[in-house]
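Visitor: One structure follows; several queries about it will come next.
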Amino acid sequence: MQLQQLQYFVAVAETRHFTRAADLVHVAQPSLSQQIKALERELGADLFLRARGNITLTDAGEALLPLARRILADADTARHEVQELAQLRSGRVRLGATPSLCTGLLPDVLRAFHDRYPGIRLLIEEGGSHDLVRELARGALDLALVVLPLPTPSPALTTVELLREDLVVVSSPDAPAPGGGRRAVRVADLEGERLVMFRHGYDLRELTVAACRAEGFEPDFAVEGGEMDAVLGFVRAGLGVAVVPRMVAARSGPGLRVTPLARPGLERTIALAHRSDVAPPRAARELQRMLLER
């Protein structure tokens with residue numbers, strides 16, 4: 001059974017005339033009649049009673065008509081929805097990102113994407129790079145913003161470097177400035193400072209702890225286990241200092257002192273990742289383009 005045959009059948013049922021039906025669907029009348037006969041053979045029943053000048057539906061035709069109309073309507077709906085997706089009028093993008101990138105990088109890009117494609121739903125999942133890589137691999141995300149190098153390199157993922165971002169030290173203006181108040185502090189100056197530290201699995205935690213150990217000391221934690229907003233709140237309250245991305249510090253609002261790290265400082269590399277074996281959906285590819293061109 002073909003959609004075209006059902007279209008011809010509905011046209012004849014509505015016009016009760018083969019020639020007028022053929023004109024309605026823009027096909028030659030013999031071709032339309034042949035397709036109707038082919039449909040009847042496949043169904044094993046006559047659909048029309050053909051008397052001279054009088055075309056009526058058989059019982060089989062009466063039973064088929066509402067079903068045929070519904071099938072054709074569903075086909076039109078499917079065609080319309082696919083076209084909408086192709087033209088970026090509807091659909092979704094599942095994007096994973098570390099919490100610091102959700103705070104620093106994404107707001108402006110997502111606002112621009114939403115303004116251009118208001119019909120696309122944006123589903124954001126926050127997590128560490130390790131968790132996001134796992135979600136990408138199982139198909140739960142279309143794209144992910146991760147920190148390089150990946151905790152577990154995967155040949156099944158394609159990564160494109162997006163940016164390199166400096167890290168800075170944030171502290172409460174009511175507390176003594178880190179490093180004795182110098183305009184830029186070294187990682188070594190954090191020895192003796194009490195740090196507000198992110199939870200395990202957070203990329204920034206691993207990077208900060210590794211940098212301190214490279215300078216020959218173990219960091220002293222005042223508070224640990226928080227997400228980005230909690231860490232910034234604890235720093236504002238004067239519980240300690242924290243090492244955060246420059247974009248996060250720039251968006252953090254009042255109540256924080258921002259001190260750069262002296263050269264060579266610390267930086268992190270942000271990459272956009274997706275599965276190598278599956279092309280991201282059209283909407284995800286458009287968001288990818290906007291992120292790479294930001």
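The values are calculated or read from the model by the stated rules, or taken from the named source; none is laboratory data. Being a predicted model, the structure only gives us computed values, none of them experimental. Backbone-built Cβ (ideal geometry, glycine too); neighbour counts: all protein chains shown. To get the accessible areas, we keep the full protein, side chains included, count just its heavy atoms, and leave off ligands, DNA and RNA. Shrake-Rupley method; radii C 1.70, N 1.55, O 1.52, S 1.80 Å.
The rows are residues; the columns are (1) touching a strand residue (DSSP E or B) at 6+ places or on another chain (Cβ under 7 Å); (2) within 30 Å of residue 245 (Cβ to Cβ).
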{"site": "24", "(1), (2)": "no, no"}
{"site": "32", "(1), (2)": "no, no"}
{"site": "43", "(1), (2)": "no, no"}
{"site": "56", "(1), (2)": "yes, no"}
{"site": "66", "(1), (2)": "no, no"}
{"site": "78", "(1), (2)": "no, no"}
{"site": "84", "(1), (2)": "no, no"}
{"site": "95", "(1), (2)": "yes, yes"}
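Visitor: Separate question: Can you pull out the residues in the range 29-48 that are outside any helix (DSSP H, G or I), surrounded by 12 or more Cβ atoms within 10 Å (Cβ to Cβ) and without any contact (Cβ under 8 Å) to a residue 24 or more places away in the chain? Break it down stepwise before answering.
Guide: Start the filter on the range 29-48 by keeping residues that are outside any helix (DSSP H, G or I), which leaves 44-48.
Narrowing further to those that are surrounded by 12 or more Cβ atoms within 10 Å (Cβ to Cβ): 45-48.
Across the range 29-48, the qualifying residues are 45, 46.
Visitor: Which condition does residue 190 not pass, out of (1) in contact with a Lys or Arg (Cβ under 9 Å, 6 or more places away or on another chain); (2) within 13 Å of residue 261 (Cβ to Cβ), if it passes all the others?
Guide: (1) is the only condition that residue 190 fails.
Visitor: Could we say that residue 194 is closer than 21 Å to residue 220 by Cβ and surrounded by fewer than 18 Cβ atoms within 10 Å (Cβ to Cβ) here? Before you say what the answer is, go through the steps one by one.
Guide: Values: closer than 21 Å to residue 220 by Cβ: yes; surrounded by fewer than 18 Cβ atoms within 10 Å (Cβ to Cβ): yes.
Against the criterion (closer than 21 Å to residue 220 by Cβ and surrounded by fewer than 18 Cβ atoms within 10 Å (Cβ to Cβ)), residue 194 qualifies.
Conditions tested, residue by residue: (1) open to solvent by 10 Å² or more (accessible area, probe 1.4 Å); (2) within 20 Å of residue 175 (Cα to Cα); (3) without any contact (Cβ under 8 Å) to a residue 60 or more places away in the chain.
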position	(1), (2), (3)
203	yes, no, no
208	no, no, yes
214	yes, no, yes
217	yes, no, yes
220	yes, yes, yes
227	yes, no, no
237	yes, yes, no
266	yes, no, no
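Visitor: So, residue 150, is that one outside any strand (DSSP E or B), in contact with a helix residue (DSSP H, G or I) (Cβ under 7 Å, 6 or more places away or on another chain) and hydrophobic (A, V, I, L, M, F, W, C) or not? Steps first, please.
Guide: On the way: outside any strand (DSSP E or B): yes; in contact with a helix residue (DSSP H, G or I) (Cβ under 7 Å, 6 or more places away or on another chain): yes; hydrophobic (A, V, I, L, M, F, W, C): yes.
Yes: the conditions hold for residue 150.
Visitor: A further question follows. Tell me, which residue of the range 1-28 that is hydroxyl-bearing (Ser, Thr, Tyr) and open to solvent by 20 Å² or more (accessible area, probe 1.4 Å) is farthest from residue 76 (Cα to Cα)? Steps first, answer last, please.
Guide: Within the range 1-28, the subset hydroxyl-bearing (Ser, Thr, Tyr) is 8, 15, 19.
Now drop any that are not open to solvent by 20 Å² or more (accessible area, probe 1.4 Å), which leaves 15, 19.
Values: 15: 21, 19: 25 Å.
Across the range 1-28, the extreme among qualifying residues is 19.
Visitor: Something else about it: I'm checking my understanding of the structure. Among residues of the range 77-130 that are modelled with pLDDT of 90 or more, touching a helix residue (DSSP H, G or I) at 6+ places or on another chain (Cβ under 7 Å) and assigned to a helix (DSSP H, G or I), which one is farthest from residue 275 (Cα to Cα)?
Guide: The residue in question is 112.
Visitor: Would you please list the contacts, defined by Cβ atoms under 9 Å and residues six or more apart or on different chains, that run from a residue in the range 270-294 that is of a type in the set (D, E, K, R) to a residue that is assigned to a helix (DSSP H, G or I) and buried (at least 18 other Cβ atoms within 10 Å of the Cβ)?
Guide: Listed by first residue and then by second, the contacts come to 275/136; 286/113.
Visitor: May I ask you to list the residues in the range 97-141 that are closer than 17 Å to residue 281 by Cα, in contact with a Ser or Thr (Cβ under 9 Å, 6 or more places away or on another chain), aliphatic (A, V, I, L, M) and open to solvent by 10 Å² or more (accessible area, probe 1.4 Å)?
Guide: 137
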